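What follows is one structure encoded as C-alpha cells, with my remarks underneath.
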Amino acid sequence: QVQLVESGGALVQAGGSLRLSCAASGNIFSINAMAWYRQAPGKQRESVATITSGGSTNYADSVKGRFTISRDNAKNTVYLQMNSLRPEDTAVYYCAADIANDYDYRYLEVWGQGTLVTVFS
C-alpha cells in the first residue's frame, strides 16, 4: 500500500514563508509527476504546482514567482516553498502523485490527507 503524508502547514503572517513537505511511503516502484493542490474554504480544489520525474515544473498564475516546487527522488518527497504569502493563499494544501507499486507496476494517482495553511494580515 502506498501513501502520501504532508507536513509543514501552519499559521503565518502575510509576507512570511512556509515550506510544505510530502513524503511517499509503502510499496513504491516508481513515481512520475508529483503535484500540490489547494482548497480554500467554499472554493473548489485547484492546482498549485506540478513537477515531473525529470524536474520540469508548472505553476498556477496566482503563485508564479512566489512558490517553488521541488522534489528529492531519493527520499520520494516533494516540497513546496511558499514565499511572500498572502491571506488568499489560506487553504488546505494537498499533495498528489502518480505512483507505481512494486507488485503490479500500475500507476495510480495517490493523494495525501492535506495540511492547513492559514495566512493572516
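The values are calculated or read from the model by the stated rules, or taken from the named source; none is laboratory data. Small disclaimer: the values here were computed from a predicted structure and weren't measured. Note that each Cβ is placed from the backbone with ideal geometry, even for glycine, and that neighbours are counted across all protein chains shown. Ligands, DNA and RNA are stripped out before the accessible areas are found, and what is left, the full protein with its side chains, is counted by its heavy atoms. Shrake-Rupley method; radii C 1.70, N 1.55, O 1.52, S 1.80 Å.
Would you mind stating whether GLY16 is assigned to a loop (DSSP other than H, G, I, E, B), closer than 21 Å to VAL117 by Cα and out of contact with any helix residue (DSSP H, G or I) (no Cβ under 8 Å at 6 or more places or on another chain)?
Yes, satisfied.
Taking the stretch 73-102, which residues are open to solvent by 50 Å² or more (accessible area, probe 1.4 Å) and either at pLDDT 95 or above or among the small types (Gly, Ala, Ser) (or both)? Before you say what the answer is, go through the steps one by one.
Let us first name the residues in the stretch 73-102 that are open to solvent by 50 Å² or more (accessible area, probe 1.4 Å), namely 73-75, 81, 83-84, 86-88, 98, 102.
Result: ASN73, ALA74, LYS75, GLN81, ASN83, SER84, ARG86, PRO87, GLU88, ASP98.
Among the numbered criteria (1) open to solvent by less than 60 Å² (accessible area, probe 1.4 Å); (2) in a loop (DSSP other than H, G, I, E, B); (3) touching a residue at least 60 places away in the same chain (Cβ under 8 Å), which one does VAL119 miss?
Among (1) open to solvent by less than 60 Å² (accessible area, probe 1.4 Å); (2) in a loop (DSSP other than H, G, I, E, B); (3) touching a residue at least 60 places away in the same chain (Cβ under 8 Å), VAL119 violates only (2).
State yes or no: is VAL63 crowded, with 20+ Cβ neighbours inside 10 Å and either outside any strand (DSSP E or B) or at pLDDT 95 or above (or both)? Let's see the steps before the verdict.
Numbers: crowded, with 20+ Cβ neighbours inside 10 Å: yes; either outside any strand (DSSP E or B) or at pLDDT 95 or above (or both): yes.
For VAL63, the condition - crowded, with 20+ Cβ neighbours inside 10 Å and either outside any strand (DSSP E or B) or at pLDDT 95 or above (or both) - is met.
Residues that are farther than 19 Å from GLY15 by Cα, basic (Lys, Arg) and in a strand (DSSP E or B): does the stretch 71-79 have at least one?
Yes, some residue in the stretch 71-79 is farther than 19 Å from GLY15 by Cα, basic (Lys, Arg) and in a strand (DSSP E or B).
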